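Okay, structure first, notes after.
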Amino acid sequence: MNCDVAHILMLCRRPSGPGDLTPEDAHLLDQHLAECPECSRILESTLAFDRSAAQVMRNVPVPTAGKQQLLTQITTRQARAFRRTWYFRATMTVLAGVTVLMGYGVIRAARPQFEPDSLAWQKDQERQDPAWAVREWLTQEGFSPDLPADFNLQLCTAFGRFPVQGRSVPGLEFRYLDPQTGREEIAWLYLLADARFQFPNLDPARSSYFTSQILHDDRKQSGIVYVVLYTTPTLQPFLRRFHQPLT
């Protein structure tokens, strides 16, 4: 039971109300009053008013017909005020629903249309010209298309957001198949924002399989620190001049 229904049923609790409640309605109303302090306060205030009015009327010699007419007028006025309040709440509820639906329609209309042809063309461009795709992505993300090292962008197999120490950061992935060992070597270049990380130590670090180093510290200009992580002894296999034919 909501408050609006409870307000209607509470009229039946008044001495001059429209009639008695059914046992089921009375139980539901009592349950609502026990859970809703606001409705309980309204009913108590109304009943207190009725008791005061009854006491005054008992002390004033009023003809029976006039007394009943006065009670009817009071009840009619309060019922009219209640209907105005109920209509106002109902109108506001409808307007809120319309606003939500309109907002959803605006959001839905603002969604970009999915175009399979455009997606296929984009992926085709990325496959045929990875260097173009990388520079285009860097520009769209607000970074300089010129990386701090002469990476062979043809080796870039992925770019976007990568997880780094609990944060999602922009980065590029490079893969290189070593013809001598047949092993696929990997390098990741991360663009870490100074606003999201602290850099107390910029020295290179090495594990049994990976080497990491600060490739470029550009915090004074763009606020970005370029960190590279790679599996080869040096970064040379991922640079463009490493793959240029000797003349």
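Distance between the modelled labels on Q55 and R127, one decimal in nanometres: 9.0 nm (7 Å Cα→Cβ projection). A simple spin-label model places pseudo-atoms 7 Å from Cα toward Cβ; at I8 and H27 they are separated by 2.1 nm.
Spin-label model, M92 to L202: label points 7 Å out along the Cα-to-beta-carbon direction sit 5.9 nm apart.
Neighbours of V169 by Cβ distance under 14 Å: Lys/Arg scored +1, Asp/Glu scored -1, total 0.
What translational D, rounded to a whole number of µm²/s, comes out for the range 125-207 from Stokes-Einstein when the hydrodynamic radius is the Kirkwood one over Cα pairs, at 37 °C and 0.692 mPa s? Reported coefficient: 228 µm²/s.
Label zone of Q221 (point 7 Å out along Cα→Cβ, amide N under 20 Å): in the range 145-159 this covers 145-153.
Bear in mind that the values in this text are calculations on the coordinates, not laboratory data. What you see is a predicted model, and the numbers here were worked out from it, not measured in a lab. Cβ sites come from the backbone with ideal geometry, for glycine too, and all protein chains shown count toward neighbours.
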